[in-house]
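A short reminder: the numbers here are calculations on the coordinates, not readings from a lab. The structure presented is a predicted model; accordingly, all values stated were derived computationally and were not measured. Because the Cβ atoms are built from the backbone with ideal geometry, glycine has one as well, and the counts that use them run over all protein chains shown.
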Amino acid sequence: MAAIEPTAKQKIVKLIPALTRNGDEFLDEIKLKELKLLCRESDENIKTAYDCILTQLNVRSSRVRYSTMHLLDVLFTRSSYFRKLTVVDIPKILELTVGINGKILPQPANFAIKLKALCVGLVKQWHEKFGSTYMQLSLASDYLKDNARIYATDSNIITHSDRIHQMRIEENRAKSARYSRLLRIEAEMQEKNSDIVENLSIMGNSFEILVPKPMEDVLSNIDTSHSDHDDSRPTYKEVSSDANPLASLLRKRKTNTLSSRKIAEAHGLGSVRYELTITLSSHNPVDVTETSDNAIVYENLRASYKLMLKHLGFVSRWLTELMKLDVEDDKKREALMKEAIDLKRALEMAKTKSEELRVNDGVTKITSDSDADSDFEEVVIPEFVQGRTTSDVGSSLARTTQPSVTTRRDNHARSQEPSLHVFQSTKLDIQPCRAPLKNGHLCPRKDMIRCPFHGIIIPRDEHGVPIEHKAPCVEYEIIDDVVSDEEKMNDEEPKHKRLKLQMHQ
Amino acid sequence: MMKSLLDREIGTQPSYIIRKQVIERKLESFQLSTLKGFHTEHGGPIMTLALDNVQQRYLLSGGADAEIRLYDLGKNTAQLREPRITIRSKKRELKCRNAGHEFTVTGINWSPHSWKLFTTSSMDKTVKCWDSNYMVPVHTFDLKSHVYSHAMSPRVRNGLVASALGDHFIRMCDIRHKVAVLTLSGHYKSVISVQWSPLFHNMLASAGEDGTVRLWDIRNPLRCLVSLDYTNEGSPTSARNVGHTAPVNGLTFTHDGLHLLSTGQDNTLRLWDVYQGTNVLVEYGGELVNKARLCVTLALTKSDKCIPSLVFHPTSDGRILIYDLFDGTLHDRLHGPMSSINCVIWKQHNQELYSGDGDKRILVWRSKVEEQENEDVCVEMNEQDAWSDYE
C-alpha cells in the first residue's frame, strides 16, 4: 500500500487544484479522465479526491468554487461512495456555494451569482436523480425551495456533462453536414463529368483537325510521299513547357536515333551529322492561323473554350472544397480529389493548347466586353475619385453612369461658391467696454452691444468717460454690422425699435 | 449470526445475546429514513417533541408557530408496504387561538402514566393543561414571565408542574388544585431547563443562563441542595460554583436517576453524579455545536443488557451526535437538515429517533438494516457507480 497509494494520492492532490483553478465551466478533459481513472481504482482515492474538493470549495474565491462544483457534480453522478461522502456535508457545501445560514459568498461577484445558480440547480438535479436514496438531498432541495425567494434562480444551469453531451451532438451535426457536402460535391461531379469529358473530346478533335498529330505526320511523310520540303517542314516546335504533350512526344521521337536517322534520310539529308537548328518562338509556338478554311473549327473551339473555362472554375472550386473538408470517410474524399485533379489537369492542358492556337484572343475580347461589372469597378471608380472626364472609357455602362456623376459634381461646385463665403471667418474688430473700474483700469470686456457689468457699450475717451452726444449714432452702426444684408432690406422697423429701447435705457 | 442462533439453541449462550447483536447492528447503521417521514405541517421551527411514556405511540410536537400537533405513530407504521410513509397529524390540531398558545411553544410533557393529559409551556407566559382526547386546554396557569421549559413530576400523587421562568424563579403549579404552590429562588438569571429526578420524587434539577446547574429538594424552596461545579472544588452550595462557563440550555436525568446530563452554550456536555453532586469528568468529543437560545431536548437510551447507554445530542449545525454516555466516545454523527435541530426523541421500542428542526420538519432516523428490508430496485440502482460517459 505504501508503495502505490502515495503516488495515486499525490496525483489526485495535484490534479484537483489544477482542474479547478481557472473558474471555467469546461473542465480539462484529459486531466478529468485521469482523475476519473484514479478515483475508479479505490474508495480511498475517492475519499482523497473528496477531501481535496472540499478544500477547494473552502478557497475564498467564487471563481474556484464555481469550477469545483462542476467537478463535484461529475464525480457525484458517477460514484456512489462519493455521493455518500457528499450527502453528509450537504449543509456545509450549501453554506459555501449558496450562502445558507447567513454565509456570504466571496468575490468575484459575477461568479458568486453563477455559483449560486449552479448549486441550486445541481441540488435540484441530484434530488430528482438520487432523492429516493439520499433523504438529505430531498431535505436540501426542499430547503432551497422553501426559501425560494432568497436562493432560487430560474436560469437553467449547464453542468459539465451537459456541455460534453452538447459538444458531442454538435460534433455529430458538423460531421453529418460535412458528409452531406461531400455527397453533394460527388453528385455534382458526376453530373458535370460527362459534360466536361464531352467538351474536352470536342476540343481534342478540333485540335487534331487544326494540328495534325506529329507521329502521323512524320510517318505519312516517311511512308507515302516524297513531297516538297515545304510540306515536311515541321509545323510544331518544341515548347519549353513539359506539360505540353506535343513537345514531350516530339522529344521522345528525337531521342529515338534510329527514327531520326530515317527522318533525315527521308528528307534527303543522308546523314544525321547535320546540325539542325530549331528556332523556338514563345509568342507563336504553333504555326496555325485562322483562315477562312478553318474558321468553323475555330468558332467551335472558341465555344468549347468558353465552356471549358467555366468547367475549370467548377473543378477548382470542388478541389478547394474537398481540400477543406475533413471527413472520416477519407478514401472517398481522396478518390474524388484524384478525379478532380485529373479533370483539372486535362482541362488545363486543353487550355494551354487552345491558347497556343490563339483561340483565347477572340474569347477574351468577348468576355471582357460582356463582363460589365469588372469594368465598372476598375474604370469608373478611379474616374469618379479623380474627377476626370470619363468620355474615353470604352465601357457602355461607364458611359451611362458618367452624366449623373458629372451633374452631381457640378451641383456641388455651384453650391460651394456662395456657401463658402458664409463660413469664412470675418474678423470683426470689437471694441472693449472701457468703463472705469475701481482699480483705475478700464474694463477690458469685449461685447457686441452690452457689457454685463456696465450696460450698453458707448464710446469713451481715454479715461473711460462717455462721449455723450455720439451715442445713438454709434449704436446704430453696431446694429448695422450685426444685421445681415437680407435683413437690412426690410428691417427698418425693428431698427427703430431698438433705437428707442436704447433711448429709454 | 448463525453461530449465535446455534449457541442459543444448545443453551451455551443466554438468549439476550442475539437481541443484543441485532440491536448493535441496527445502531451501527443509523441514518435518515427514506421510507418514513412526516408531513411538514408546522409553520415555524419545531421547538419541542414529546412521546408518551405508556406505549410510545403518540408524538406531540410544538412549534414556534404556537401550534401543537399530535401524531399517531402506531397507526401508520402498520402500512410499511408503501414506498414512503408519511405521518399526518391528527385532525384535532390545536389551532384555535383562544384556547391555544399565542407564541412559541417551548415545552410539552405527557402525563407520566397516562395519555389523557399533557401540559405545554409557551413564551406567552402561560403553562396549559390539555385533555388529549378532546384536545382542549383544561386549565391555564398564568405565570407572568416567559416560560422556557417545564417538567411534570413523575409522581402522580404530586401532580406538580415545575416551570423554568425568565424572571429567575422556578414555579410549581399543582394541576390537581389548579394553583401555583411554591417558588424556588436561587438562580440569578433566567432559568432555561428543569427536570424531575426519576429516582427521588422530591428532587428537581434546574439549569439557567447563569451557567449554574442546581439540584433542589422541593421541600426546602428557599435554597438549593447543591449547585454543581465542574471543577469539583469548593463547597456544594457555594455561590461561585458554575456547571458551565456559558448558559446551560439542556438537562436530562438518566433513566435510573443516578446521573444528570447537562449541555451548555460553551459547547460541552457534562455528566454529573447526582448522589455525590460531582462532575464525572467524561469528555465528550469536541464536535459539539450548541448555540440554541431556548431549551434543547437531549435523548438517552434506556440502557439494559442489550442496548448500550447512548446520548443523542442535537446540534445547531443540523447534526445529531451520538455519544456513549459513560466513556464519551463519539458513536456516530447523523447529518440531514440545513438548519439547527432543536429536539430529539428516542423511541426505545423499535429503536427509532425523531428530531424536530428549524426547517419545520420532523425527521425519522432509523437503522439502515430496517430500511433495506423495504428497499426498492430503484434505490439499489442509485447506489451503483456510473463511471462511463456513454450512458
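What you get for the stretch B:36-384, charging only the Cβ of Lys and Arg (+1) and of Asp and Glu (-1), is a dipole of about 1420 debye around the Cα centre. Using the Cβ-Cβ distance between A:I449 and A:Q107 with R0 set to 60 Å, the FRET efficiency works out to roughly 0.45. Within 10 Å of the Cβ of each residue in A:76-89, the mean number of Cβ atoms contributed by other protein chains is 3. Towards the positive end of the charge dipole of the stretch A:1-130, with charges on Cβ (+1 Lys, Arg; -1 Asp, Glu), say which of A:P91, A:L27, A:C52 has the farthest Cα. In the stretch A:1-130, that residue is A:P91. In this Cβ point-charge picture (+1 for Lys and Arg, -1 for Asp and Glu), the stretch A:60-125 has a dipole of about 60 debye about its Cα centre. Dimensions of the stretch B:152-275 based on its C-alpha atoms, expressed as ranges along the principal axes with the largest first, amount to 41, 31, 25 Å. Starting from the Cα of B:Q372, step 7 Å toward the Cβ, then list every residue of the stretch B:16-56 with an amide N under 17 Å from that point. Within reach of a label on B:Q372: B:21-35. Remark on the stretch B:36-384: ratio of C-alpha radius of gyration to 2.2 N^0.38 Å is 0.96.
Per residue of peptide B:297-303, the mean number of Cβ atoms on other chains within 10 Å of the residue Cβ is 0. Remark: the A:I30-A:R317 segment gains 99.5 nm on full extension, using 0.36 nm per residue and subtracting the alpha carbon distance. Sorted largest first, the spans of the alpha carbon positions of the stretch A:13-63 along the three principal axes are 30, 22, 14 Å. The listed peptides A:102-113, A:192-203, B:29-40, ordered by packing as a protection proxy, come out as B:29-40, A:192-203, A:102-113 (highest mean of other Cβ atoms within 10 Å first). Among B:46-56, B:218-228, A:291-301, the peptide with the highest mean count of other Cβ atoms within 10 Å heads the list, and the full ranking is B:46-56, B:218-228, A:291-301. Note on the stretch A:166-197 and the stretch B:205-239: Cα centroid distance 92 Å, given to the nearest whole angstrom. The mean number of Cβ atoms from other chains found within 10 Å of a Cβ in peptide B:335-342 is 6, as a whole number. Packing, taken as the mean count of other beta carbons within 10 Å per residue, orders the peptides A:450-463, B:107-120, A:336-349 from highest to lowest as B:107-120, A:336-349, A:450-463.
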